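Undergrad: The structure is given below, and queries will be raised subsequently.
The values are calculated or read from the model by the stated rules, or taken from the named source; none is laboratory data. On a predicted model such as this, the values are computed, not experimentally measured, just so you know. Accessible surface areas use protein heavy atoms only, side chains included; no ligands, DNA or RNA. Shrake-Rupley method; radii C 1.70, N 1.55, O 1.52, S 1.80 Å.
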Amino acid sequence: MAGVSSCMKYSMFIFNFLFWMCGCAILAASIYMRVNKDAQESFNKDSGMFAGIDLLIAVGAIIMVMGFLGCCGAMKESQCMLLLFFIGLLIILLLQIVAGILGGVYKSKVDEIVNKTLTEEAQMLQDTTEKNKDFQATFHKFEQVNKCCGLLKGESDWGSAISKYSGCQCDTQDVGTSVCKDNKYTTPCREVIMEFFKNNMIIVMGIAFGLAFIEVLGLVFSMSLYCQIQRK
């Protein structure tokens, strides 16, 4: 009877051990950001950042479980663990495909959500109380770096709070250029943000395809090892 390939067995173990370590790192970093007081003060509770951190905690935990199943399944030659690993990885791959399809189908909804979020943050710029001063100061720096003004409509997004900041004032080297008019930046920062996402979409797609390729390899190796153990 054919035996189990040692090369495939240890390759599967090493791959999943690294996978497990990545899960540990993601989980530890996300939990730290969730409980650390300084991090909590940095994030605005209404900005959705905590929801993203909670998602990272879930992702880290899932990766840890998957890595554990893959490692133990390979070393102990456990068909049960390898089958659970295969099913879990297949579900993740299918969810990625569904998410990609839904992202394309509901692109207009995504744009609507982004616009709604930016509108809410534009209202935070007009607040002259101490409540949103940290957000305003951070956004002021963003304006200076990216040579833009306001979020949606430009300077008017600041309302009366514009007197506290000079983010819309052009730097000396930008006076007379296309980004500066009447000594003020005219491009709303929404355009800068959307341009950033468009420019980095290729990178995101590359990462997504890379992960899908790795997951397919994981499926092939786990099922091959499962079949070898069954024939043993």
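Undergrad: Go through Lys153/Lys181; Lys133/Lys198; Lys141/Lys184; Lys131/Lys184 and tell me which ones have a Cα-Cα distance over 23 Å in this structure.
TA: Lys133/Lys198; Lys131/Lys184
Undergrad: Sort Ser222, Ser178, Ser5 by heavy-atom solvent-accessible area, probe 1.4 angstrom, most to least.
TA: Order by accessible area, largest first: Ser178, Ser5, Ser222.
Undergrad: Still on this structure, please answer the following. Residue separation times 0.36 nm, minus the C-alpha to C-alpha distance between Ile193 and Ile113: what's the value?
TA: Length difference between fully extended and current span is 27.4 nm.
Undergrad: Report the relative contact order of the stretch 113-232, percent, no decimals, based on alpha-carbon pairs under 8 angstrom and at least 6 residues apart. Kindly include the intermediate steps, with their values, before the conclusion.
TA: Values: 104 pairs, mean separation 25.9, N = 120.
This gives 22 percent for the stretch 113-232.
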